[in-house]
Amino acid sequence: MSLTRVHNFAISLDGFGTGEPQSLEEPFGHAGERLHEWMFATRWWNENVGEPGGTTGVDDAIARRHQPGIGAEIMGANKFGPPGWHEDPEWKGWWGENPPFHSPTFVMTHHTREPIEMQGGTTFHFRDASPAEVLEEARAAADGQDVRLGGGATVIRDFLAAGLVDHLHAVVVPILLGRGVRLWDGLEGLESDYEIESVASPSGVTHLTLTRTR
Ligand SMILES: NC(=O)c1ccc[n+]([C@@H]2O[C@H](COP(=O)([O-])OP(=O)(O)OC[C@H]3O[C@@H](n4cnc5c(N)ncnc54)[C@H](OP(=O)(O)O)[C@@H]3O)[C@@H](O)[C@H]2O)c1
């Protein structure tokens, strides 16, 4: 069965998945790169960006689960671009001509446009529809493989509220952001639907995995 999976989603101790304000210069606002320093240190990350070196411990082992078995991605409009991206007809995402998704990628937005075919197997499709409808389409496009929910916090929270997430890997980073977009708001009692494990890494982050049980 095709699962809906979240991987490597970083949150602060107070639950923010991004800081504010989001902009072209600072995609994560005042959070800067602090939510992802743990990931940038891994060998997995370096392999992806063509750099040598990197750690090979707990963070690396868990971060690597991001890609295997994934056949499509869903993301929110604010992950795809900074505020106002839809006013730029040339905007094709942050990731250059060969984005790291390598699969059909569904951008949830109220500002739809024609699909954009990129190099390396990524085609961006823009959808103004409910989480369940977008997931159904992504699942068909994934052709038997799993669907990754790439973020940001708003979209993941909406999918969690709709009961559509099978596996969630969140990385709790020991910083307090105080403001931004929070992942867990409005999800009281969510833990009763999941088996939850946490692993503390020597790097200082805690890996939480939520596996759906009902
Ligand atoms: N912490 C992490 O690991 C991580 C991972 C990925 C991304 N991020 C960051 O998270 C931030 C983005 O998160 P976010 O919570 O602000 O936003 P988001 O989840 O990326 O996108 C939310 C937006 O998507 C559109 N949307 C959502 N549901 C929709 C629906 N059913 N129909 C139509 N449109 C829909 C709406 O935008 P419109 O109305 O404008 O179309 C909505 O405001 C960025 O800074 C990104 O870099 C963090």
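A count restricted to region 172-188 and to residues that are of a type in the set (D, E, K, R), under 23 Å from Ala63 (Cα atoms) and assigned to a loop (DSSP other than H, G, I, E, B) stands at 0. Being part of a strand (DSSP E or B) and surrounded by 13 or more Cβ atoms within 10 Å (Cβ to Cβ) is a description that applies to Phe126. Among residues of region 13-35 that are closer than 18 Å to Arg157 by Cβ and of a type in the set (A, V, I, L, M), those with a beta-carbon under 6 Å from a residue that is more than 8 Å from the ligand (Cβ to nearest atom) and part of a strand (DSSP E or B) at least six positions away or on a different chain give the pairs Leu35/Val173.
Of Arg113, Arg65, all but one fail to be out of contact with any Asp or Glu (no Cβ under 7 Å at 6 or more places or on another chain), part of a helix (DSSP H, G or I) and surrounded by 13 or more Cβ atoms within 10 Å (Cβ to Cβ); the exception is Arg65. Answer with yes or no whether Arg127 is touching a Phe, Trp or Tyr at 6+ places or on another chain (Cβ under 6 Å), within 11 Å of the ligand (Cβ to nearest atom), closer than 28 Å to His207 by Cα and of a type outside the set (Gly, Ala, Ser). Judged against the criteria, Arg127 is not a match. When each of Pro104, Pro21, Pro52 is tested for being within 11 Å of the ligand (Cβ to nearest atom) and at pLDDT 95 or above, the lone residue that passes is Pro21. Within region 143-170, which residues are away from the ligand (no atom under 15 Å from the Cβ) and buried (at least 22 other Cβ atoms within 10 Å of the Cβ)? Result: Val147, single match.
Checked against (1) free of Cβ contacts under 8 Å to residues at least 60 places away in the same chain; (2) surrounded by fewer than 20 Cβ atoms within 10 Å (Cβ to Cβ); (3) under 15 Å from Ala72 (Cα atoms); (4) touching a strand residue (DSSP E or B) at 6+ places or on another chain (Cβ under 8 Å), Arg212 passes all but a single condition, namely (3). If only one of Glu73, Glu51, Glu26, Glu87 is closer than 25 Å to Val107 by Cα and surrounded by fewer than 15 Cβ atoms within 10 Å (Cβ to Cβ), which one is it? It is Glu87. All conditions but one from (1) of a type in the set (A, V, I, L, M, F, W, C); (2) assigned to a loop (DSSP other than H, G, I, E, B); (3) in contact (Cβ under 8 Å) with a residue 40 or more places away in the chain; (4) closer than 25 Å to Trp91 by Cβ apply to Leu135; the one that does not is (2). Determine the pairs where a residue that is of a type in the set (D, E, K, R), located within region 192-206, has a partner that is at pLDDT below 95 with Cβ atoms under 6 Å apart, the partner being 6 or more residues away or on another chain. Between residues of region 192-206 that are of a type in the set (D, E, K, R) and residues that are at pLDDT below 95, the close pairs are Asp193/Arg214. Of the residues making up region 95-103, none is among the hydroxyl-bearing types (Ser, Thr, Tyr), in contact (Cβ under 8 Å) with a residue 12 or more places away in the chain and within 27 Å of Ser201 (Cβ to Cβ). What do you reckon, is Gly71 assigned to a helix (DSSP H, G or I) and either within 14 Å of the chain's Cα centre (by Cα) or more than 9 Å from the ligand (Cβ to nearest atom) (or both)? Taking the combined requirement at face value, the residue does not satisfy it. Using the structure shown, decide if Ser192 is at pLDDT 95 or above, surrounded by fewer than 21 Cβ atoms within 10 Å (Cβ to Cβ), part of a loop (DSSP other than H, G, I, E, B) and of a type in the set (Ser, Thr, Tyr). Answer is no for this residue.
The values are calculated or read from the model by the stated rules, or taken from the named source; none is laboratory data. Computed from a prediction, not measured in an experiment: that's the story for all the values here. All Cβ positions, glycine included, derive from the backbone under ideal geometry; neighbour counts span all protein chains shown.
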